[in-house]
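These notes are about the structure you will find just below.
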Amino acid sequence: MAPAPASGSLLADASRAARLRFWLISVGVVVIAAFAGSSAYDSWRLYHQDIAAIHRELSSMAKTLAEQAEGSLQLADLLLTWIDNHVEAKKGTHRR
């Protein structure tokens, strides 16, 4: 049979186990906090990247719409000029 351990030895083992448990829990909390911090930073960075991408897309869309509006207005101006010239030409032929 194995001799019974001394009570001091049991106390030392319990204290050592408590310290080990404390450090394991502390390291686990730090690792989880690091993961949470990393996820928060990634979310913040992606949010700002998305905002920048949306700004670029909206700027591009605004430029495209402005060019399209300019072309439409030029076409309307051309048609009105043509109609005006056509009407003036008709007036000129009726006066003769």
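Since every read-out is calculated from the coordinates, none of them should be taken as a lab result. These numbers were taken from a predicted model, which means no experiment stands behind them.
Just round it to a whole percent: the fraction of Cα-Cα distances in region 32-73 exceeding 18 Å.
Considering region 32-73, 54 percent of its Cα-Cα pairs are separated by more than 18 Å.
Give me the angle, in degrees from 0 to 90, between the Cα long axis of helix 7-95 and the longest principal axis of the Cα atoms of the chain, rounded to the nearest 10.
Roughly 0 degrees, rounded to the nearest 10.
Across all directions of projection, what mean area in square nanometres is found for the Cα convex hull of region 55-95?
Seen from a random direction, the Cα hull of region 55-95 projects 2.2 nm² on average.
How large is Rg over Rh for the chain, taking Rg from the Cα atoms and Rh as the Kirkwood inverse mean of 1/r across Cα pairs?
Reported Rg/Rh (Cα atoms, Kirkwood Rh): 1.86.
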